[in-house]
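One structure below.
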Amino acid sequence: MALLLQQILNGIMLGSVYSLVALGLTLIYGILHIPNFAHGHKYMLAAFTSFFLVTNFHTNYWVALVIAMGVLGLVGMGVERWVYRPLRNVPHINSFIAAIGLLLMIESFALILFGADFRRFPPLYDQPIHIFGVGITLQRLLVILAAALLILLLQLFLKRTWLGATIEAVAQSPEGAQLVGISIDRVSSLTFGLGTALAAAAATLITPIFLVYPTMGSVPNLKAFVVIIIGGMGSIPGAVIGGLMLGLIESLGGGFISTDYKDIFAFGALVTFLTFRPMGLFGKGGR
Amino acid sequence: MNAILKAEGLSRFFGGLAAVMDLDFEVKAGEILSLIGPNGAGKTTVFNLITGALLPTRGRLQFFEKEITGLRPHDTAALGIARTFQTTSLFPDETVLDTLIVGFRCRTRMGVFDALLKTGRARGDEERSRRKAEETLAFIGLGDRASELAKNIPQEAQKRLAVGLALVTEPKLLLLDEPMGGLTEEENAGMMRLVQKIRGEGISILLIEHKMKVVMKISDRIVVLNYGRKIAEGTPGEVGRNPEVVEAYLGVGDAE
Amino acid sequence: MKGKPSSWLIAGLVVLALVLPQFVTNKYYLNILIMSGIWSIVASSLNLVLGYTGQVNLAHGAFFGIGAYASALMMLKLQMNFWLALPLAAALAGFFGFLIGLPALRTKGSYFAIGTLCFNIIVTLIIDRWEGLTEGARGLMGIPGPAPIPVPGIGQIAFKTLAAQYYLVLGFLLLTLFVMRRILNSLVGRTFRAIRGNEELAEAVGIPARRVKILSFTTSCFFAGIGGVLYASYIGFLSPELTDYHVSFDSLVYIMIGGVGTMAGPILGTLLFVTIPETLHVAAEYRLFVYGLILILMIIYLPRGIVGGIGSLARKKPKGGA
């Protein structure tokens with residue numbers, strides 16, 4: 001029983017991280033209607049950024065988190081401006097191919113700069129605490145709490161601020177938004193920056209638990225896509241629920257069925273959803 | 001004249017909104033039936049329901065007494081229902097002639113192995129396709145544009161090509177969605193002649209068109225839609241005198 | 001059709017390719033040419049799906065891998081002759097292509113790309129973990145090369161020398177191109193282009209889009225499988241990483257740069273990207289970085305690739321339009 005609870009808590013933690021990454025991705029999809037395939041690699045850059053800030057510059061962990069979010073937010077805006085904006089009026093498949101190019105660039109850039117070694121974050125919040133009789137490190141609990149906080153802040157931003165409203169407007173109708181004077185360029189830029197910053201937060205939160213290495217971006221990338229396809233591309237509740245679901249499926253499946261094949265569950269779930277319900281749980285579609 | 005297309009209780013909902021509601025009508029063999037109504041009355045939705053691009057929420061469709069409800073567009077096309085689209089839809093990078101050749105594909109039988117081995121069937125199909133394409137090209141009057149790219153020809157030629165593409169599939173029923181959209185008076189007349197020429201070949205036509213003068217002149221019968229429901233049906237004369245129609249549409253629409 | 005290079009040019013290139021081993025005897029360069037040939041087969045087959053029906057298929061590595069592993073296992077464990085294993089393994093790859101295509105081709109565009117990518121990952125994972133069948137991460141070793149073909153009266157054609165293996169690969173490349181050309185120039189090929197150009201319209205004129213896409217996908221996987229068999233026999237060693245989706249990415253790069261939707265494009269792209277980095281001895285990371293950069297620049301400024309770009313220039317010259 002305790003084991004089950006442990007796996008569930010783990011699942012929620014993993015799920016929170018997946019949700020954050022997926023949220024960034026789904027925000028971007030809502031505006032640009034292209035899945036930003038290089039998302040996971042910016043996540044990786046964020047992990048390295050925080051890593052160096054904390055180990056080499058001895059920055060406070062939470063400050064490093066904010067800085068990483070800022071830096072990657074700028075990177076995201078740059079990518080939008082230089083890679084995706086020129087491709088806005090061409091078939092989406094071209095943007096997808098550009099994203100692959102970007103992915104190759106970022107991954108090899110990291111390999112060249114940092115080498116392929118695995119690095120480990122210095123332990124920060126490793127003290128174990130007990131909830132419902134289950135042991136869990138403080139770090140893991142912080143991940144869940146911080147993710148929840150960020151999601152809440154995001155919701156407030158989107159629903160209560162003017163900038164947030166412009167994002168929703170462009171997502172629903174670019175022409176309509178333009179008519180009332182909203183600049184699509186600026187909103188695209190903002191959304192990309194915001195989405196990337198969320199991924200940066202997710203990376204900084206989770207890396208003390210796992211390792212940091214240049215190819216770490218590809219798996220979260222794919223899992224984030226699994227999440228938004230299950231949850232529905234462009235749907236925020238879908239990203240959150242889908243993320244949690246995936247985290248739980250992986251944790252429970254991996255814990256009780258087989259760790260060797262645990263990744264297959266995620267991808268198997270994706271293939272199943274794509275086949276039978278491509279629009280996801282909350283997406284719109286169909287004939 | 002007997003009916004070749006029958007719609008019974010045809011309905012399509014989008015969420016709570018009824019785009020088409022309880023529609024009963026039929027297209028008789030050899031006639032030109034026009035479907036008119038204000039913008040948003042559901043006319044293009046009816047076309048989509050007939051061809052199978054959309055599934056009806058309720059109701060049924062019969063073509064030559066055969067149940068076609070739920071069939072997909074490529075099946076209805078094979079059965080003999082062809083259409084054009086409100087915004088001219090073509091293969092942008094194909095030449096005019098190539099466009100028509102590929103349109104005839106559904107009437108050919110060759111497969112991959114025929115292609116690989118250049119069998120007699122392959123050669124026969126290729127020749128028939130080319131001949132049919134050239135005939136259709138002459139019929140629609142684009143003979144001098146055969147090797148131009150579809151995206152480069154002027155708008156009126158594009159509309160003709162779209163009609164030609166529908167024709168080359170050897171349809172028995174042709175659905176034309178605003179074939180005169182954006183055309184000048186003179187181009188209108190040309191398109192009207194083409195439509196009548198098509199009817200002369202024995203093909204029945206279901207027409208959506210906003211230009212009232214044309215509709216009144218060319219139609220054998222008219223069905224009037226408003227908010228997805230049929231509000232009138234009859235000859236141009238009858239419909240023109242119907243007060244409900246006048247109120248809903250003819251009074252406020254373009255009397256062009 | 002428009003803009004096709006003259007038959008003389010093609011004949012000339014084929015003759016050049018045939019006599020090349022007489023001039024290029026350096027083993028290192030012959031090896032590069034052979035590898036280019038194998039990857040050209042893989043890239044050309046992907047082009048069938050990408051360039052002609054317009055779908056980004058990222059599972060190509062999986063089918064390459066299925067062909068490679070299937071033939072290797074048949075030859076090693078069942079003592080099968082190469083010439084029997086080749087068509088069987090390729091057919092198996094095609095068969096899996098058909099099975100995967102059925103559900104996958106219900107989706108489009110980016111969904112299809114992601115779905116196929118995930119499928120590729122699943123296949124690589126299975127090959128890696130199923131040690132009983134595939135030896136897992138240890139890899140398969142000692143895969144035999146093609147068996148000699150007995151020719152009555154003359155003796156036999158053996159494939160021991162590098163030149164002989166070059167001709168083998170060249171032969172299959174020409175076969176692949178021949179098959180593709182026959183299909184693409186036929187009415188079937190026209191339906192491929194129609195689906196790429198305007199799928200909704202293609203359906204409206206009676207073309208069953210999904211069925212046609214499955215056909216092109218299956219054919220594409222069959223030839224990817226052939227590429228895999230040739231690779232396995234030539235190198236003699238297989239490991240799970242070879243079936244990874246980076247094969248799909250690489251092929252994608254070669255096609256996009258060389259020219260998507262043209263016959264020569266994938267071959268040109270492959271030649272450029274296999275020979276140049278090899279001769280320059282560039283490290284893998286730098287190579288990938290440049291690939292990525294060129295891919296982005298190409299897709300923004302020259303989306304039809306090198307061959308396609310030349311093709312559209314050629315088409316603009318004759319008539320001045322309407």
Checklist entry - Out of (1) under 17 Å from B:Glu178 (Cα atoms); (2) in contact with a strand residue (DSSP E or B) (Cβ under 6 Å, 6 or more places away or on another chain), the odd one out for B:Gly40 is which? => result (2)
Checklist entry - Which pairs do you get when a residue that is under 24 Å from B:Thr99 (Cα atoms), found in the range C:1-14, comes within reach of a residue that is among the acidic types (Asp, Glu) and modelled with pLDDT of 80 or more, reach meaning Cβ atoms under 9 angstrom, with the pair 6+ apart or on two chains? => result C:Met1/B:Asp98
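If a residue has to be under 17 Å from B:Ala248 (Cα atoms), of a type in the set (A, V, I, L, M, F, W, C) and in contact with a helix residue (DSSP H, G or I) (Cβ under 8 Å, 6 or more places away or on another chain) to count, how many in the range B:217-230 make the cut? Don't jump to the end; show me each part of the working.
Just the residues of the range B:217-230 that are under 17 Å from B:Ala248 (Cα atoms), to begin with: B:222-230.
Imposing the further condition that a residue be of a type in the set (A, V, I, L, M, F, W, C) reduces the set to B:222-225.
Imposing the further condition that a residue be in contact with a helix residue (DSSP H, G or I) (Cβ under 8 Å, 6 or more places away or on another chain) reduces the set to B:222, B:224-225.
Going through the range B:217-230 one residue at a time, the tally reaches 3.
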Checklist entry - Which residue pairs have Cβ atoms under 7 Å apart, sit 6 or more places apart or on different chains, and have a first residue in the range B:111-122 that is facing chain C (nearest Cβ under 8 Å) and a second that is not in a helix (DSSP H, G or I)? => result B:Ala115/C:Ser186; B:Ala122/B:Met110; B:Ala122/C:Ser186
Next on the checklist: Taking the conditions exactly as written (surrounded by 15 or more Cβ atoms within 10 Å (Cβ to Cβ) and closer than 22 Å to C:Phe192 by Cα), does B:Gly141 satisfy them or not?
Outcome noted: no
Checklist entry - Got a sec? Which helices (runs of 4 or more DSSP H) wholly within the range C:166-246 have at least 2 residues that are closer than 18 Å to C:Ala68 by Cα and under 19 Å from the mean Cα position of the chain (by Cα)? => result C:209-235
Checklist entry - out of contact with any strand residue (DSSP E or B) (no Cβ under 6 Å at 6 or more places or on another chain) and of a type in the set (Lys, Arg) - does that describe any residue in the range B:83-103? => result no
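Just for helices (runs of 4 or more DSSP H) wholly inside the range C:45-135: which have at least 2 residues that are without any contact (Cβ under 8 Å) to a residue 12 or more places away in the chain and more than 9 Å from every other protein chain (Cβ to nearest Cβ)? If you could, list the steps in order and put the result at the bottom.
Details: elements: C:60-77, C:82-104, C:109-129, C:131-134.
The helices (runs of 4 or more DSSP H) meeting that bar are C:82-104, C:131-134.
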Item to check | Filter result (in contact with an Asp or Glu (Cβ under 8 Å, 6 or more places away or on another chain) and crowded, with 19+ Cβ neighbours inside 10 Å) within the range B:28-42 | outcome: B:Ile32, B:Leu33, B:Ser34, B:Ile36
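I'd like to check something: does the range B:85-105 contain any residue that is more than 20 Å from B:Val224 (Cα to Cα), more than 9 Å from every other protein chain (Cβ to nearest Cβ), in contact with a helix residue (DSSP H, G or I) (Cβ under 9 Å, 6 or more places away or on another chain) and part of a loop (DSSP other than H, G, I, E, B)?
Quick first cut of the range B:85-105, residues more than 20 Å from B:Val224 (Cα to Cα) only: B:87-105.
Then drop every residue that is not more than 9 Å from every other protein chain (Cβ to nearest Cβ), which leaves B:87-88, B:96-97, B:100.
Restricting the remaining residues to those that are in contact with a helix residue (DSSP H, G or I) (Cβ under 9 Å, 6 or more places away or on another chain) gives B:88, B:96-97, B:100.
Add one more test, that the residue is part of a loop (DSSP other than H, G, I, E, B), and what stays is B:88.
Checked the range B:85-105: at least one residue is more than 20 Å from B:Val224 (Cα to Cα), more than 9 Å from every other protein chain (Cβ to nearest Cβ), in contact with a helix residue (DSSP H, G or I) (Cβ under 9 Å, 6 or more places away or on another chain) and part of a loop (DSSP other than H, G, I, E, B).
Could you look through the range B:57-71, keep only residues that are assigned to a strand (DSSP E or B) and surrounded by fewer than 17 Cβ atoms within 10 Å (Cβ to Cβ), and pick out the one that is farthest from the chain's Cα centre (by Cα)?
Step one: filter the range B:57-71 for residues assigned to a strand (DSSP E or B), giving B:58-63, B:66-67.
Remaining after also requiring surrounded by fewer than 17 Cβ atoms within 10 Å (Cβ to Cβ): B:58, B:60, B:62, B:66-67.
On the way: B:Arg58: 23, B:Arg60: 19, B:Gln62: 17, B:Lys66: 19, B:Glu67: 19 Å.
Among them, the one singled out is B:Arg58.
Among the helices (runs of 4 or more DSSP H) contained in the range A:92-190, which hold 2 or more residues that are over 27 Å from A:Leu45 (Cα atoms) and either at pLDDT below 80 or away from chain C (no Cβ under 14 Å) (or both)? Working first, answer last.
Values: elements: A:92-114, A:138-160, A:162-172, A:174-179.
Here the list reads A:138-160, A:162-172, A:174-179.
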Next on the checklist: Considering only residues that are touching a residue at least 24 places away in the same chain (Cβ under 8 Å), touching a helix residue (DSSP H, G or I) at 6+ places or on another chain (Cβ under 7 Å) and surrounded by fewer than 19 Cβ atoms within 10 Å (Cβ to Cβ), which ones fall in the range A:13-67?
Outcome noted: A:His33, A:Tyr61
Checklist entry - In the range C:275-285, is there at least one residue being under 19 Å from C:His60 (Cα atoms) and not aromatic (Phe, Trp, Tyr)? => result no
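Would you confirm whether any residue within the range B:10-27 is within 22 Å of C:Ile207 (Cβ to Cβ) and exposed (fewer than 15 other Cβ atoms within 10 Å of the Cβ)? I'd like the intermediate steps shown before the answer.
Within the range B:10-27, the subset within 22 Å of C:Ile207 (Cβ to Cβ) is none.
Looking for residues that are within 22 Å of C:Ile207 (Cβ to Cβ) and exposed (fewer than 15 other Cβ atoms within 10 Å of the Cβ), one finds none in the range B:10-27, hence no.
Can you tell me how many residues within the range B:80-93 are in contact (Cβ under 8 Å) with a residue 40 or more places away in the chain and surrounded by fewer than 24 Cβ atoms within 10 Å (Cβ to Cβ)? Don't jump to the end; show me each part of the working.
Filtering the range B:80-93 for residues in contact (Cβ under 8 Å) with a residue 40 or more places away in the chain gives B:80-86, B:88-93.
Filter again for surrounded by fewer than 24 Cβ atoms within 10 Å (Cβ to Cβ), leaving B:80, B:85-86, B:88-90, B:92-93.
Going through the range B:80-93 one residue at a time, the tally reaches 8.
To keep it simple, each residue is scored yes or no on (1) out of contact with any His (no Cβ under 7 Å at 6 or more places or on another chain); (2) of a type in the set (A, V, I, L, M, F, W, C); (3) on the phi > 0 side of the Ramachandran plot.
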| site | (1), (2), (3) |
| --- | --- |
| C:Leu201 | yes, yes, no |
| C:Ile207 | no, yes, no |
| C:Lys213 | yes, no, no |
| C:Ser216 | yes, no, no |
| C:Ile226 | yes, yes, no |
| C:Phe237 | yes, yes, no |
| C:Asp244 | yes, no, no |
| C:Ile255 | yes, yes, no |
Item to check | Failed criterion for A:Val54 (all others in (1) part of a helix (DSSP H, G or I); (2) β-branched (Val, Ile, Thr); (3) within 13 Å of chain C (Cβ to nearest Cβ) hold) | outcome: (3)
Checklist entry - What number of residues within the range B:80-135 satisfy the criterion of being within 27 Å of B:Ile208 (Cα to Cα) and of a type in the set (A, V, I, L, M, F, W, C)? => result 13
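Return the only residue of C:Arg210, C:Arg193 being touching a residue at least 24 places away in the same chain (Cβ under 8 Å), within 12 Å of chain B (Cβ to nearest Cβ) and buried (at least 19 other Cβ atoms within 10 Å of the Cβ).
Details: C:Arg210 fails: buried (at least 19 other Cβ atoms within 10 Å of the Cβ).
Checking each option against the conditions leaves just C:Arg193.
The values are calculated or read from the model by the stated rules, or taken from the named source; none is laboratory data. Small disclaimer: the values here were computed from a predicted structure and weren't measured. Glycine gets a Cβ as well: all are built from the backbone with ideal geometry, and neighbour counts include every protein chain shown.
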